[in-house]
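The values are calculated or read from the model by the stated rules, or taken from the named source; none is laboratory data. This structure is a prediction, so every number in the text was calculated from the model and none was measured. Cβ coordinates were reconstructed from backbone atoms using ideal geometry, including for glycine residues, and neighbour counts include every protein chain displayed. Protein only, heavy atoms only, side chains kept; ligands, DNA and RNA dropped before computing areas. Shrake-Rupley method; radii C 1.70, N 1.55, O 1.52, S 1.80 Å.
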Amino acid sequence: FNVSSATTKPTRTIYWTEKSFSGPIVNIPSGVIDTVKAAYTTNFPATVASEYKPLGVSTNTDPTAAAPAELRTLWFEKFSGIGQLRAYNLEGRIFLEYLGAFKPGQTENHVFLGADVVDVVRAAPTINAAVNIGDKIRMGTPPTKTQGPAIQ
C-alpha cells in the first residue's frame, strides 16, 4: 500500500493515548470487527528505536524501578473481548484495514470489512472561545458569538 499525503478519501484522526497523553482510546466492541491491521511503512513503522521523551521531564535511570519502555506506534489489542486501538511515539499517516471473522474453511484469511486512512497526532488542538454564562459547550464545535457578557 502507498499512503499519500494528498488522499482523496477523508481521513480520521487518533491522538496519542499513552503515558502523559490523554487521547481517547478507540474501543471496538466484539461482534463484526475481529481485528484491525495497519499497513506499516518506513515512514510509519510498527515500532520506534526509543520511546518519546517529553522535554523537561527527568527519567528514572534505575532499570528495576522504571516502567518498561513503550516502543509501539499504532496498535490494536483485545482486553476481555473489547478491541482497543492505541497510539504513541510517532505522528504521521497510516492505512488501516478492518477485518471480520475468518473466511469459511480458512484459518489465516479474514473477511475484509473496510479501511481508513488515519492521521496519528500527538494531542488534540486547543480552541479558545468566549462563552456566555448558561450556554452549553459542545465538544468539537466552537460556540457561536452572541451579544452579552461572556467568560473568557
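Observations on the model:
- Portion, in percent, of the accessible area of region 76-133 that falls on carbon or sulfur, probe 1.4 Å: 55
- Counted charge near Leu113, where neighbours are those whose Cβ lies closer than 13 Å (Asp, Glu -1; Lys, Arg +1): -1
- Potential extension, Lys78-Thr47 segment - 0.36 nm per residue separation minus Cα distance: 9.3 nm
- Highest average first, the peptides 39-45, 87-93, 117-123 ordered by how many other beta carbon atoms sit within 10 Å of their residues are 87-93, 117-123, 39-45.
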